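Read-outs: derived from the displayed coordinates by stated rules, not from any lab. This is a predicted model, so every value here is computed, not measured. FYI the Cβ positions are ideal-geometry reconstructions off the backbone, even for glycines, and counts take in every protein chain you see.
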Amino acid sequence: MDRKPQEDVAKVFLDAPGRCDTDTSKLSTEDMTWWIMPGNKFSGAHAKTSYLANYPKPLEDTSGPAHNGYDVLSGKSERLAIDAEGDLLMKFGRHYRNNYRFLRRFRDGKIASGKQFTDSLHINEIFGAPDRNTAA
């Protein structure tokens, strides 16, 4: 099975939050779920609507769009694993640079679910730590 179409969909979808582009939501199923590893204010399991609602939050203190680089590690059937490096210039002069591992599941050519692994300590350095009562 050719995974190129899935790779293209995944990359466009992963670039969307850096532009606050919710139009790319059409690349995901209506019942899409997204899980972000524990330890940061964005952590937890999200339905599509709550995931999209979080798009603007990281961009409030930025000086421009995010720049991402991708390396597709593997893909089989309806699954795809991607490593990414992100760079986002903040208004206060620091860069938010983080590494990610994304695991995607597709259904009918659209993203049905995702898992996001990253450096939560660096997220907390730049965006602030989560409230202890709400941390996932």
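Cβ under 14 Å from Ser25's Cβ, Ser25 left aside: what net charge do those residues give with Lys, Arg +1 and Asp, Glu -1?
With Lys, Arg at +1 and Asp, Glu at -1, the net is -1.
Suppose the chain between Lys91 and Thr49 were pulled fully straight at 0.36 nm per residue; how much longer would it get relative to their current alpha carbon spacing?
12.4 nm is the gain from fully extending Lys91 to Thr49.
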Separation of segment 1-79 and segment 91-136 by C-alpha centroid, Å?
9
Sorted by Cβ density within 10 Å, fewest first, the residues Ser113, Ser28, Ser77
Ser77, Ser113, Ser28
quick shape note, the chain: Cα extents on principal axes in Å, largest first -> 45, 30, 25
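Can you list the chymotrypsin sites (Phe, Trp or Tyr not before Pro) in segment 47-136 that are in a DSSP coil and have 13 or fewer other beta carbons within 10 angstrom?
Phe92
At most 15 other Cβ atoms within 10 Å plus a DSSP loop assignment makes a site exposed; report the longest stretch of the chain without any exposed trypsin sites (Lys or Arg not before Pro).
On the way: sites that count: Lys91, Arg94, Arg132.
Formally, the longest exposed-site-free interval is 1-90.
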In order over segment 110-127: 3J(HN,Hα) from phi, Karplus 6.51/-1.76/1.60, θ = phi - 60°, whole Hz, x for each Gly or Pro, gives 10, 6, 9, 7, x, 10, 10, 10, 7, 8, 5, 4, 5, 4, 5, 4, 8, 9
Partner lysines for Lys26 [C-alpha distance under 24 Å; skip if fewer than 8 residues away on the same chain]:
Lys4, Lys11, Lys48, Lys57, Lys76, Lys110, Lys115
Whole-number percent relative contact order across the chain, with pairs defined as alpha carbons under 8 Å at least 6 apart
28
